[in-house]
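Reviewing the structure listed below.
Any read-out appearing in this document is the output of simple, stated calculations on the displayed coordinates, not a laboratory observation. Because the structure is predicted, anything quoted here is derived from the model rather than measured. Quick reminder, even Gly has a Cβ in these numbers, built from the backbone with ideal geometry, and neighbours come from all protein chains shown.
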Amino acid sequence: MRSWTQEEFVARRQAEWTALNDILSSGKPLYRLPAAEISRFSALYRGACADLVHARDVGFTPDLVSYLDGVAGRAHNLLYAAPPYRLGAAWDLVAREFPRALRRNGRFFALGMFLFFVPMIACTIVTVLYPEFAFQVLSPDQLQGMADMYSEGLQGRDEGEDTGMAGFYVYNNVGIAFRCFATGILLGFGSLFFLLFNGIVMGTVLGHVIAAGHGYNILTFVCTHGTFELTAIAIAGGAGLQMGYALVDTGGRTRLGSLRAQGRDLAIIILGAAVMLFIAAGLEAFWSPSSVAPPIKWAAAGLFTVLLTVYFAFAGRQPKARPAGLRAGSGGLEVGGPRP
Amino acid sequence: MSRSSRSSEARGGAHRAPPLDTVTEIETPEHIRFRYQLAGPARRMMAYLIDLIIRVVVVFFLILILSLSSLLVSDGFSIGATLLIVFAIEWGYYVLWESLWSGRTPGKRSMNLRVLKEGGYPTGFLDIALRNLLRAADFLPFAYSIGLAVMGLDARFRRLGDMVAGTIVVVEDLRRIGHGLQIQPPPSAAELAALPARPNLSATDLEALDLFLRRVGTLNPAREQELADIIAPVYARRLGVRYDHSARFLALIYLRAVGRTA
């Protein structure tokens with residue numbers, strides 16, 4: 001049997017490739033197309049795949065083969081497209097996936113908290129006891145600025161300034177957390193550094209302000225948003241450490257495979273931490289500096305701490321699966337085999 | 001390309017070895033293998049620069065507008081809004097474009113690039129968030145040094161973010177079927193009569209000839225002649241014919257083999 005020459009092949013099949021190309025260049029996801037168009041698309045796709053294999057096998061010219069490669073490849077991407085985004089997925093992430101992922105990787109969460117809060121508390125205590133320690137960490141100018149900032153009580157700022165600070169907190173703090181996470185890819189050393197560094201600096205500032213006699217002011221200011229902000233930074237750092245650790249303890253996978261296996265959890269955790277930081281930025285800008293009475297701020301801080309703890313511990317837990325065959329309403333034990 | 005054809009030649013051409021160069025093969029559930037051309041650092045850098053320019057221009061104009069509006073609202077407000085926008089553009093630009101435009105940004109689109117999962121599937125939101133958050137690590141210590149170094153060491157040109165998220169960046173071939181090779185002046189009857197009706201050339205032969213003939217006219221004439229003189233005798237011997245002009249002879253057997261002179 002004489003097979004087609006390339007000319008004949010192209011002449012016979014080109015109309016279908018063009019039709020497929022037209023659907024592809026319309027740029028619409030498949031589910032937006034009318035039903036008839038979808039089934040036509042899948043027929044055209046299969047046709048193009050067969051043509052690609054034929055062209056490659058017979059040895060038609062490379063320009064034709066790569067043209068078909070391109071058309072069939074893009075059709076494949078359209079056919080196996082990711083499911084469309086739903087708003088519900090964002091809620092699912094916050095309400096269930098984030099606390100679940102944190103619990104699954106609890107030891108890195110704990111490690112992040114430890115590496116961040118222990119140096120912070122240690123530096124606070126050291127600076128209160130030996131105020132000159134602060135000058136080993138920060139310059140006198142910076143320390144003076146911090147002490148001045150909290151020397152007066154909080155009378156509330158004007159609204160514009162509040163918005164200004166919200167922008168600054170988002171830019172600065174979420175950026176810190178993201179870097180704290182991302183640098184964990186360097187075998188965890190980046191996250192380790194940022195956790196310790198931020199812990200030491202924050203602890204020193206806190207201790208210095210307390211030693212200067214403005215402890216009540218700074219703690220009242222920090223308590224509410226700090227619950228979210230500091231925890232989120234520790235979470236981000238912990239996720240970074242998890243990423244670094246996956247490169248070391250691969251659990252029998254290749255290094256890349258081990259990293260990849262953590263990918264989903266890591267993405268969920270860091271996105272959850274980002275949400276926490278946005279909440280923190282809002283509080284830090286509008287609530288913490290407001291003239292609300294300190295006892296109310298302390299109460300709010302306590303409430304948020306409890307809520308966060310409950311959320312981390314219980315949100316997204318599945319009800320325990322009951323033993324099969326004893327489901328209520330199934331009418332007794334279920335027996336295997338076909339139903340009538 | 002040339003490396004891959006040489007390696008398959010070495011194995012007798014019966015079984016195509018996986019290409020060794022910037023092409024990656026992806027097998028679908030239908031057992032079809034697609035070839036994607038991987039995007040190298042140069043092309044990705046161009047796309048990055050285009051995106052960077054877009055971001056800088058957008059931020060510049062927003063700051064301009066906000067600083068004008070600060071006559072109306074307080075300074076604090078406009079500074080805050082500016083910082084929020086800078087944050088959103090710094091961290092959100094790529095995530096937004098790549099997730100809403102199936103793996104492309106304006107810069108990637110203009111360079112014909114697309115982000116895909118390693119299996120050839122489109123990327124999901126979490127993959128995109130992960131690969132773009134890790135830009136902070138790829139960027140270190142400055143100007144994407146780590147990212148470039150890692151990309152250079154990886155066979156698939158992945159930076160750290162791609163490795164964690166399991167993504168690759170490919171070049172999309174949007175080309176149309178060309179007119180095919182033309183030969184000037186058109187082959188004469190005498191020339192065609194001297195050649196076998198269907199020269200027996202393998203796919204690898206055709207690929208090599210195609211790559212050469214496509215470059216005719218863009219190469220230095222002396223170099224063109226030199227290359228043609230190396231290849232032509234091989235085919236002349238195999239087909240048992242003689243030739244006068246080596247480059248023209250190669251074009252003739254190519255056109256004959258793909259049935260364009262029939």
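For chain A, a Gaussian network of Cα nodes joined below 10 Å ranks A:V248, A:V205, A:V94 by mean-square fluctuation, and the top entry is A:V248.
Highest average first, the peptides B:117-130, A:13-26, B:202-215 ordered by how many other beta carbon atoms sit within 10 Å of their residues are B:117-130, B:202-215, A:13-26.
Sorted ascending by nearby beta carbons within 10 Å, beginning with the fewest, B:F142, A:F286, B:F61 become B:F142, B:F61, A:F286. Shape index of chain A: Rg/Rh, with Rg the Cα radius of gyration and Rh the Kirkwood radius from the inverse mean 1/r over Cα pairs, equals 1.17. Apply 1/(1 + (r/R0)^6) to the Cβ-Cβ distance of A:V248 and B:A149, taking R0 = 25 Å, and write down the FRET efficiency to the nearest 0.05. The calculated FRET efficiency here is 0.80.
Compactness of segment A:113-266 was expressed as the Cα radius of gyration divided by 2.2 N^0.38 Å, which yields 1.21.
In this simple spin-label model, placing a label point 7 Å from the Cα along the Cα-to-Cβ direction at both B:L211 and B:V234 gives a separation of 1.1 nm. Ordering A:L303, A:G167, A:W91 by the projection of their Cα atoms onto the charge dipole of segment A:87-314, which places +1 on the Cβ of Lys and Arg and -1 on the Cβ of Asp and Glu, puts A:W91 at the extreme positive end. Applying Stokes-Einstein at 4 °C and 1.567 mPa s to the Kirkwood radius of segment A:6-79, computed over alpha-carbon pairs, gives a translational diffusion coefficient of 104 µm² s⁻¹. Each of A:A273, A:V222, A:T183 was placed along the dipole of segment A:165-281 (beta-carbon charges, centred on the mean Cα), and the one lying farthest toward the positive end is A:T183. Taking only Cα atoms and a 10 Å spring cutoff, compute GNM fluctuations for chain A and point out the largest among A:R255, A:R40, A:R179. For chain A, modelled as a Gaussian network with Cα springs under 10 Å, the answer is A:R40.
When +1 charges are put on Lys and Arg Cβ atoms and -1 charges on Asp and Glu Cβ atoms, the dipole computed for segment A:1-143 relative to its Cα centre reaches about 660 debye.
Within the listed set A:F221, A:F41, A:F181, the residue fluctuating most in the Gaussian network model of chain A (springs between alpha-carbon atoms under 10 angstrom) is A:F41.
The per residue volume of the convex hull around the alpha-carbon atoms of segment B:189-257 is 82 Å³. With R₀ set to 51 Å, the beta-carbon distance separating B:I65 from A:A50 gives a calculated FRET efficiency near 0.40. Projected onto their three principal axes, the Cα atoms of segment A:274-315 cover extents of 34, 23, 7 Å, largest first. Under 1.5 on a/c is rounded, so check that first for segment A:198-295, then, if it is not, pick prolate when a/b is larger than b/c and oblate when it is not; a ≥ b ≥ c are the square roots of the alpha carbon gyration tensor eigenvalues. Note, shape of segment A:198-295 comes out oblate.
Per residue of peptide A:72-85, the mean number of Cβ atoms on other chains within 10 Å of the residue Cβ is 5. Take each residue of peptide B:25-34, count the partner chain Cβ atoms within 10 Å of its Cβ, and average: the result is 5.
With the simple spin-label model, which puts each label point 7 Å out from Cα in the Cβ direction, the B:S202 to A:D22 separation comes to 4.1 nm. Over all other residues within a Cβ to Cβ distance under 15 Å of A:G272, the charged ones net out to +1, with Lys and Arg as +1 and Asp and Glu as -1. Placing unit charges on each Cβ (+1 for Lys and Arg, -1 for Asp and Glu) gives segment B:96-146 a dipole about its Cα centre, and among B:L130, B:I146, B:M111 the Cα reaching farthest toward its positive end belongs to B:M111.
Roughly how many Å is it from the Cα centre of segment A:196-222 to that of segment A:244-268, as a whole number? If we compute the Cα centre of each part, the gap is 37 Å. Restricting segment A:47-108 to trypsin sites (Lys or Arg not before Pro) that sit in a DSSP loop and have at most 10 other Cβ atoms within 10 Å of their own Cβ leaves A:R86.
Sorted into 5 angstrom bins from 0, the C-alpha pair distances of segment B:41-171 split as 2, 11, 18, 22, 18, 11, 8, 6, 4, 2, 0, 0 percent. A simple count of charges around B:Y94, restricted to other residues whose Cβ falls under 15 Å of its Cβ and scoring Lys, Arg +1 and Asp, Glu -1, yields +3.
Using only side-chain charges placed at the Cβ, +1 for Lys and Arg and -1 for Asp and Glu, the dipole size of the protein assembly as shown relative to its Cα centre rounds to 2340 debye.
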